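Note sheet for the following structure.
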Amino acid sequence: MKCPFCGHNDDRVVDSREGKGGLTIRRRRECNGCQRRFTSYERIEEIPYMVIKKDGSRETFDRQKILSGLMRACEKRPVSVRALEQVVEEVEQLLQESSDRELPTAQLGAHVVKRLKELDKVAYVRFASVHRQFEDVHEFMTELEGLIGQRK
C-alpha cells in the first residue's frame with residue numbers, strides 16, 4: 001500500500017479490526033519509510049450473478065422473478081412453495097457453479113421447465129408456453145400430445 005505521506009510502497013499492518021456489520025476491515029498501518037501511521041479500509045466486492053437474455057442483453061439475476069413465474073404457473077395446483085423454492089435454489093446453484101458468473105436465460109429456463117415437468121404437468125405446460133414461446137397452436141398441441149403419450 002502506498003503511504004499517503006511520503007509515497008513509500010512498503011508498510012506493515014499494526015492492527016486489523018472488523019468494521020461496520022462485518023462488511024469492511026479497518027487496518028492500521030505504519031509506513032516503513034517515514035514511520036507515520038495511516039488507516040486503510042477494505043471491503044469485499046460482490047460481483048452479481050448475471051443472466052444473458054434472448055436479445056443478448058445482460059441483467060442481474062433475480063431469484064424472486066423466477067419464483068414469481070413458478071408461482072404463477074403453479075397457481076391452483078398441488079405444488080408446495082417449498083418445492084418451488086428448491087427449484088429456484090437449483091437455478092441459483094447453476095449460476096454459482098458457472099465459471100464466469102453468468103448464464104443464458106434459455107439454459108436456466110430449460111432447467112426450470114425440466115423440474116416443473118417432474119413436479120406438475122399442468123404447471124409445466126403453463127410455464128413452457130411462455131418460456132418456449134410456441135409459434136402456433138400446432139407446436140403447443142405437439143407438446144401436449146407428447147405429455148399424453150407419456151401417460152399411456
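Quick look at the values:
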item: Fewest-first sequence of 105, 39 by Cβ atoms within 10 Å of each Cβ; result: 39, 105
item: 10 Å Cβ shell holding at most 11 others, DSSP loop, GluC sites (Glu not before Pro): longest site-free stretch of the chain; result: 76-134
item: Amide N proximity, region 97-129 versus residue 53 label position 7 Å along Cα-to-Cβ, cut-off under 12 Å; result: 105
item: Helix 63-73 axis, angle to the chain major axis (alpha carbon atoms, nearest 10°); result: 10
item: In degrees, nearest ten, helix 137-151 long axis to first principal axis of the chain (Cα); result: 80
item: Acute angle (nearest 10 degrees) that the helix 105-119 long axis makes with the longest principal axis of the chain, alpha-carbon atoms; result: 50
item: Amide H contacts under 5 Å for residue 49, placed H, 5+ residues apart; result: 61
item: Label-point gap, in nm, between residue 107 and residue 25 - each point 7 angstrom along Cα→Cβ; result: 3.2
item: Rounded if a/c under 1.5, otherwise prolate or oblate - the chain, Cα gyration tensor axes; result: prolate
item: Residues whose placed amide H lies under 5 Å from that of residue 11, excluding near-sequence neighbours; result: 32
item: Helix-derived mean residue ellipticity, 222 nm - over the chain, DSSP H n ≥ 4, -39500 (n - 2.57), to 500; result: -14500 deg cm²/dmol
item: Sparsely packed trypsin sites (Lys or Arg not before Pro) within region 1-79, loop by DSSP, other Cβ within 10 Å at most 13; result: 2, 53, 54, 76
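Computed from the coordinates by the stated procedures, all read-outs in this text should not be read as laboratory data. Computed from a predicted structure; not experimentally measured. Counting neighbours? That spans all protein chains shown, and the Cβs are built from the backbone with ideal geometry, glycine included.
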